[in-house]
Amino acid sequence: MTTADTVIERTPALRTKLPAVGTTIFTVMSALALEKKAVNLGQGFPDFECDPQLVNAVTDAMTRGLNQYPPMTGVPVLREAIAAKLLQLHGRSYDANLEITVTAGATQAIITAILAVVHPGDEVIVLEPCYDSYVPNIELAGGVAVRVPLIPGSFRPDFDKISAAISSKTRAILINSPHNPSATVWTREDMLRLQDILAPTDVLLISDEVYEHMVFDAAQGRAHESAARFPGLAARAFIVSSFGKTYHVTGWKVGYVAAPASLTAEFRKVHQFNVFTVNTPVQYGLASYMANPRPYLDLPAFYQRKRDLFRAGLARTRLKLLPSEGSYFQCVDISGVSDLNEADFCKWLTTEIGVAAIPLSAFYGNGFDQRVVRFCFAKKDETLNLALERLEKL
Ligand code: PMP
Ligand code: GLN
């Protein structure tokens, strides 16, 4: 028998569940930006503070002793505020008790929805390029990701390809508008087309709407067309959003899911065992802050100004601008500047020029390289100007 002196420490080898997965590109590029003291326009997060009133509202909740487990589904005042907002903005009534669940950010909302509905062997359609958590989430559920490309160049949905990808095994489709990374926004016609395609099927919709309040050029008729606006979609949808994006608090990790009661019931079965509850004082703080709609109603103009400032500066560089209709991202074509592939270009740009970006190839399963990289413009004007000064040297 071994004793404390003779015991051999041996950690058993694992068979990985996610062989294709390493550390996320966002983490890798932020670490490189920090190391090289580069301006970090890579990972998507603001470098400015949130509204002090929001901090006060959370602090107030803590001071009032609201520090223990909240209800599993989220605090009632926050769920009611979310339901009221969805009704006001999109005209759909969600029952705050049965159809809204507060989550630990959109990330947990999406994996929880997938774990709740995807059985081993089920297919889930994702539109590439797509946010990096989707495919691993599907695979963890035992599902099979069916990748349908957005139209190369324009990143618009290709509905013929989407229709063709639907099979008897399709359990769900994941969409994301405004879109990370391409900054495109689905139109009303796009949503109607999707509604028609899904109508004869039992395919569920997971609609990632985290950038819902960052849609630009409203004067030209652009708007956020939430799945909540389309009854045929809403009846089969998990609609996901994140307070992190809307209120400049990505580190707080609070979001929500709105879904019909039968879908929410299944969602909550998983939610109660993968996170159980979400930060209590932050929920109360958000609920009281939401009473004023101005912060989210003013967000498109706030970010549109930054987008325009950034685009005007980029127009003076040799990078080629792609459209930015929504989200806080701006993609550029690098082919006039460099022969490097996207990933090497981003490393070079960070190290040699002092500006970090994200390669679009990171959003494709096969690493497809179209010579396009993504910048995040959720930054102070001075940060954007410093980055632009450096990029002009290219
Ligand atoms: N979906 C998309 C498209 C995103 O860009 C993000 C933000 N990284 C998320 C989901 C995750 O949001 P959260 O930080 O609230 O988990
Ligand atoms: N959503 C952000 C992005 O796309 C960052 C998310 C993350 O770091 N996982 O850059």
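State, to one decimal in nm, how far the label point of Arg305 lies from the label point of Ala219, with both points 7 Å from Cα in the Cβ direction.
Computed distance between label sites Arg305 and Ala219 equals 1.5 nm.
Once you order the gyration tensor axes a ≥ b ≥ c over the Cα atoms, which shape class does region 48-98 get: rounded for a/c under 1.5, otherwise prolate or oblate by comparing a/b with b/c? Please report the intermediate quantities before stating the final value.
On the way: a/c = 3.43, a/b = 1.40, b/c = 2.44.
It comes out oblate by the Cα gyration axes.
When the expected Rg is taken as 2.2 N^0.38 Å, what fraction or multiple of it is the alpha-carbon Rg of region 42-197?
Relative to the 2.2 N^0.38 Å estimate, region 42-197 comes out at 1.25.
Among 208-215, 129-136, 18-25, what's the highest-first ranking by average C-beta atoms within 10 angstrom per residue? Provide the component values of the computation, followed by the final result.
Working: 208-215: 24.6, 129-136: 20.8, 18-25: 11.0.
The packing order, highest mean first, is 208-215, 129-136, 18-25.
Given 20 °C and 1.002 mPa s, how large is the Stokes-Einstein diffusion coefficient of region 109-231 in µm²/s, with Rh as the Kirkwood radius over Cα pairs? Present the calculation step by step, with values, prior to reporting the outcome.
Details: Rh = 14.7 Å.
The estimated diffusion coefficient comes to 145 µm²/s.
Using DSSP, restrict attention to beta bridges with both residues in the chain and report what percent are antiparallel, rounded to the nearest 5.
Details: 18 of 39 bridges.
Here the antiparallel bridges make up roughly 45 percent for the chain.
Taking the Cα centre of the chain as origin, work out the dipole magnitude from +1 charges on Lys and Arg Cβ and -1 charges on Asp and Glu Cβ, in debye rounded to 20. It would help to have the intermediate numbers written out before the result.
Working: 38 positive and 40 negative charges, 41 e Å.
I would put it at about 200 debye.
Indicate the helices, whole DSSP H runs only, in the chain that combine a mean Kyte-Doolittle hydropathy of 1.0 or more with a Cα extent along their long axis of 18 angstrom or more. Don't skip to the answer; put the middle values down first.
Values: long enough: 76-90 (21 Å, 0.61); 105-117 (19 Å, 1.80); 261-274 (19 Å, -0.46); 299-314 (22 Å, -0.44).
Qualifying helices: 105-117.
Could you check how many percent of all C-alpha pairs in the chain are farther apart than 26 Å? Mind dumping the intermediate values first?
On the way: 42195 of 77421 pairs.
Cα-Cα pairs of the chain separated by over 26 Å account for 55 percent.
Go ahead and estimate [θ] at 222 nm for the chain from helices alone: -39,500 (n - 2.57) per DSSP H run with n ≥ 4, summed, over the residue count, rounded to 500.
On the way: 15 runs with 146 residues, N = 394.
Calculated at 222 nm, the ellipticity per residue is -11000 deg cm²/dmol.
Based on the mean of other beta carbon atoms within 10 Å per residue, what is the order of 161-168, 9-16, 85-92, most packed first? Each step should come with its number before you reach the end.
On the way: 161-168: 14.0, 9-16: 5.5, 85-92: 16.2.
Going by the mean number of other Cβ atoms within 10 Å, highest first, we get 85-92, 161-168, 9-16.
If we sort 340-346, 110-116, 365-371, 57-63 on the protection proxy, mean other Cβ atoms within 10 Å, highest first, what's the order? It would help to have the intermediate numbers written out before the result.
Numbers: 340-346: 19.1, 110-116: 25.0, 365-371: 14.4, 57-63: 16.9.
Answer by packing, highest mean first, reads 110-116, 340-346, 57-63, 365-371.
Where q = 0.10, 0.13 Å⁻¹, what log10 of I(q)/I(0) comes from the Debye formula for region 270-394, counting one point per Cα?
Ignoring solvent entirely, the Cα scatterers give -0.45, -0.67.
Return the equivalent ellipsoid semi-axes of region 280-337 as a descending list in whole Å, where each equals the square root of 5 times an eigenvalue of the C-alpha gyration tensor. Write out the running numbers ahead of the final one.
Details: eigenvalues 244, 30, 12 Å².
Over the Cα atoms of region 280-337, the semi-axes work out to 35, 12, 8 Å.
Ser93 versus Ala235, label points 7 Å from Cα toward the beta carbon: distance in nm?
Roughly 1.7 nm, to one decimal.
Given a Förster distance of 45 angstrom, what is the FRET efficiency for Asn366 paired with Asp60, based on the Cβ-Cβ distance and rounded to 0.05? Don't skip to the end; give the middle numbers.
Details: r = 50 Å, r/R0 = 1.10.
About 0.35, to the nearest 0.05.
For Leu321 and Thr3, what does the FRET efficiency come to when R0 = 51 Å and r is the distance between their Cβ atoms, rounded to the nearest 0.05?
Working: r = 69 Å, r/R0 = 1.35.
That gives a FRET efficiency of 0.15.
If R0 is 30 Å, what FRET efficiency do you get for Ser154 and Glu392 from their C-beta distance, rounded to 0.05? Walk me through the numbers before you get to the answer.
Working: r = 28 Å, r/R0 = 0.92.
Computed FRET efficiency for Ser154 and Glu392 comes out at 0.60.
No lab work stands behind these numbers, since they all come straight from the coordinates. The structure presented is a predicted model; accordingly, all values stated were derived computationally and were not measured. No Cβ is skipped: glycine too gets one built from the backbone with ideal geometry, and neighbour counts run over all protein chains shown.
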